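Structure record follows, encoded as structure tokens.
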Amino acid sequence: MNVIMPIPNSDFDPTEVAVTWKTLHDAGHRVTFATPDGRPGRADALMLTGRGLDPWSLVPGLSSLRFMGGILAANDAALAAYRELEADPSFQAPVAYAALAVADYDALALPGGHRAFGMKAYLESEQLAAFVAEMFDAKKPVGAICHGVVVAARALSKATGRSVLYGRKTTALTWKQENLAWKIGRIARFWDPNYYRTYKEEPGEPAGFRSVQSEVTRALERPEDFLDVEPGTPDYALKTDGRHRDTPDDPRPAFVARDGNYVSARWPGDVHLFAKTLANVIAEQTGSRETLTLD
């Protein structure tokens with residue numbers, strides 16, 4: 001199966017892209033990449049190195065000391081996957097958004113990232129939004145994680161004129177997660193305090209109005225169609241403390257929502273379960289008996 005993964009030219013999240021690619025690739029799928037202009041993309045350097053995410057990062061000789069950088073940036077497993085990804089021919093030779101055609105692909109994966117400088121070319125592309133809508137309308141498997149859910153929320157179905165997420169249940173980066181990262185960033189990266197906010201509220205708008213959760217929720221049929229971890233859920237603390245991430249063998253920290261052939265997740269800490277679930281949806285679509293174990 002051929003899975004298309006659109007990314008921006010820069011600033012995408014390396015964990016969400018690389019781990020999803022590796023999981024799908026190892027499951028036997030071909031992953032094709034797309035960028036706005038057909039040139040290879042580059043991940044957010046801060047998420048790759050963790051350098052620049054601590055308040056002493058500007059002090060000569062201290063930039064390699066990581067505290068928040070070690071927590072917020074890609075972990076060793078994600079970095080290893082990203083190094084593999086960089087050597088993949090499809091990653092080095094993406095197609096342009098303008099060349100995307102639904103007939104060429106069997107499934108769609110929409111990763112995220114938060115740095116506005118590069119991500120807005122991905123989030124605000126009308127060409128990409130039209131393609132995403134066509135993939136949904138064709139009822140092909142779609143997975144979206146973090147800010148990738150915003151791309152889906154902005155895609156309007158030709159059949160209904162509404163967001164393709166209208167009438168579906170979804171999760172995405174929650175306001176609680178986004179706000180916490182923003183608060184930490186305003187201290188840890190005080191010279192660039194809005195690094196974690198892709199879109200900032202305009203004067204007169206309530207706090208969180210431009211957050212991922214708020215925008216996605218506005219595209220849904222009902223506010224309760226936006227899903228988050230409910231108190232009392234098993235492993236609630238692991239899923240919500242912002243410090244624990246899932247692994248290929250431990251899905252407990254992850255929270256993933258599935259609605260038919262649509263899969264969504266919140267942040268890089270959900271990515272292994274997210275990618276496995278998407279791989280299984282694709283397998284079901286093709287009638288394959290081989291699926292990945294989720295627990």
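The values are calculated or read from the model by the stated rules, or taken from the named source; none is laboratory data. On a predicted model such as this, the values are computed, not experimentally measured, just so you know. All Cβ positions, even for glycine, are placed from backbone atoms using ideal geometry, and neighbour counts span all protein chains on display.
Name the residues in region 56-84 that are in contact with a Lys or Arg (Cβ under 7 Å, 6 or more places away or on another chain) and among the aliphatic types (A, V, I, L, M), would you?
71, 81
Do we have any residue at all in region 78-93 that's over 20 Å from residue 24 (Cβ atoms) and within 20 Å of the chain's Cα centre (by Cα)?
no
Would you confirm, using the coordinates I've provided, whether residue 64 is of a type in the set (S, T, N, Q) and assigned to a loop (DSSP other than H, G, I, E, B)?
Working: of a type in the set (S, T, N, Q): yes; assigned to a loop (DSSP other than H, G, I, E, B): yes.
Yes, satisfied.
Right, residue 139: within 30 Å of residue 58 (Cα to Cα) and among the basic types (Lys, Arg) or not?
Considered against the rule, which asks whether it is within 30 Å of residue 58 (Cα to Cα) and among the basic types (Lys, Arg), residue 139 comes out as no.
Starting from residues that are part of a helix (DSSP H, G or I) and touching a strand residue (DSSP E or B) at 6+ places or on another chain (Cβ under 7 Å), keep the ones in region 109-128 and report whichever is surrounded by the fewest Cβ atoms within 10 Å (Cβ to Cβ).
Within region 109-128, the match that is surrounded by the fewest Cβ atoms within 10 Å (Cβ to Cβ) is 117.
Only residues that are surrounded by 20 or more Cβ atoms within 10 Å (Cβ to Cβ) and either in a strand (DSSP E or B) or among the hydroxyl-bearing types (Ser, Thr, Tyr) (or both): list them for region 38-61, please.
43, 57
Could you check, for region 130-140, whether at least one of its residues is touching a Pro at 6+ places or on another chain (Cβ under 7 Å) and either assigned to a loop (DSSP other than H, G, I, E, B) or at pLDDT below 95 (or both)?
Kept after step one, since they are touching a Pro at 6+ places or on another chain (Cβ under 7 Å), are these residues of region 130-140: none.
No, that holds for no residue.
Residues to consider are 245, 258; find the one that is surrounded by 14 or more Cβ atoms within 10 Å (Cβ to Cβ), closer than 21 Å to residue 81 by Cβ and at pLDDT 95 or above.
When all the criteria are applied, what remains is 245.
For region 163-186, enumerate the residues that are touching a residue at least 40 places away in the same chain (Cβ under 8 Å) and assigned to a loop (DSSP other than H, G, I, E, B).
165, 166, 167, 168, 169, 171, 172, 173, 174
Among the residues of region 219-265, which ones are without any contact (Cβ under 8 Å) to a residue 12 or more places away in the chain and charged (D, E, K, R)?
Listed by number, the residues that qualify are 222, 224, 230, 241, 249, 250.
Might you let me know whether region 41-53 holds any residue that is in contact with a His (Cβ under 9 Å, 6 or more places away or on another chain), of a type outside the set (A, V, I, L, M) and closer than 24 Å to residue 142 by Cβ?
For region 41-53, residues in contact with a His (Cβ under 9 Å, 6 or more places away or on another chain), of a type outside the set (A, V, I, L, M) and closer than 24 Å to residue 142 by Cβ: present.
Please go through region 1-30 and give me each residue that is under 15 Å from residue 144 (Cα atoms) and either outside any helix (DSSP H, G or I) or aliphatic (A, V, I, L, M) (or both), ordered by number.
3, 4, 5, 6, 7, 8, 12, 13, 17, 18, 19, 24
I'm trying to understand the selection: among the residues of region 201-239, which are surrounded by fewer than 13 Cβ atoms within 10 Å (Cβ to Cβ), within 27 Å of residue 257 (Cα to Cα) and among the charged types (D, E, K, R)?
218, 222, 224, 230 - these are the residues of region 201-239 that are surrounded by fewer than 13 Cβ atoms within 10 Å (Cβ to Cβ), within 27 Å of residue 257 (Cα to Cα) and among the charged types (D, E, K, R).
Give region 201-229 a look and list any residue that's within 19 Å of residue 156 (Cβ to Cβ), of a type in the set (D, E, K, R) and assigned to a loop (DSSP other than H, G, I, E, B), or say none.
221, 222
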